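The next block holds one structure in the form of structure tokens; read it before the comments.
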Amino acid sequence: MTRKAAPAPARLIRRYDNRKLYDVRQRRYVVLDDLARMVGAGEEVRVEDRRTGEDLTAVMMAQVILEGVKQRTARIPGQVLARLVRLGFAPDGGQRWPDPAQAAAQARQEAER
């Protein structure tokens, strides 16, 4: 019986009070472009506040997208951004977000059409 390897732990990035981001694994400061490259390469990233330990990953990913759109380096269709806004501000508190496995299956079906 083959066993699946355990997924690698997310790369920990600490955000300091001065808004600098520190990559704990590589022991160096990083910028938003570095975060974008890590995520784009398929790496799991967790950003947390150094002082409180609060998970800031969603906030930082939103900032990565915003900067990419502002600098015109991200090519995200307006419809996708509008859907994110609708889902993120849904009155049900975001309960409409699909399960990742279901979303992947649906994306495959749509791509095959």
**Message:** List the residue pairs whose Cβ atoms are under 8 Å apart, where the first residue sits in the range 23-41 and is without any contact (Cβ under 8 Å) to a residue 24 or more places away in the chain, the second is in a loop (DSSP other than H, G, I, E, B), and the two are 6 or more positions apart or on different chains.
**Reply:** 29/20
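Considering every residue within the range 94-106, establish whether at least one is outside any helix (DSSP H, G or I) and at pLDDT 80 or above. Let's see the steps before the verdict.
Residues of the range 94-106 that are outside any helix (DSSP H, G or I), as a first pass: 94-99.
Imposing the further condition that a residue be at pLDDT 80 or above reduces the set to none.
No; the residues of the range 94-106 include none that is outside any helix (DSSP H, G or I) and at pLDDT 80 or above.
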**Prompt:** Applying the selection to the range 25-53, what residues are aliphatic (A, V, I, L, M) and in contact with a strand residue (DSSP E or B) (Cβ under 9 Å, 6 or more places away or on another chain)?
**Reply:** 30, 31, 32, 35, 38, 39, 45, 47
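From the list 75, 50, pick out the single residue that is modelled with pLDDT of 90 or more and either loosely packed, with under 12 Cβ neighbours inside 10 Å or closer than 24 Å to residue 9 by Cβ (or both).
On the way: 75 fails: modelled with pLDDT of 90 or more.
Matching residue, one of 75, 50: 50.
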**Message:** Can you tell me which residue is surrounded by the fewest Cβ atoms within 10 Å (Cβ to Cβ) among those in the range 62-72 that are without any contact (Cβ under 8 Å) to a residue 24 or more places away in the chain and within 10 Å of the chain's Cα centre (by Cα)?
**Reply:** 62
**Complete:** Residue set 87, 56; condition surrounded by 12 or more Cβ atoms within 10 Å (Cβ to Cβ), among the aliphatic types (A, V, I, L, M) and in contact with a strand residue (DSSP E or B) (Cβ under 6 Å, 6 or more places away or on another chain); output residue 56
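On the basis of being more than 24 Å from residue 87 (Cα to Cα) and in contact (Cβ under 8 Å) with a residue 12 or more places away in the chain, does residue 16 make the cut? If you could, list the steps in order and put the result at the bottom.
Working: more than 24 Å from residue 87 (Cα to Cα): yes; in contact (Cβ under 8 Å) with a residue 12 or more places away in the chain: yes.
Taking the combined requirement at face value, the residue satisfies it.
The values are calculated or read from the model by the stated rules, or taken from the named source; none is laboratory data. These numbers were taken from a predicted model, which means no experiment stands behind them. Positions of Cβ are generated from backbone atoms using ideal geometry, with glycine treated the same way; all protein chains shown enter the neighbour counts.
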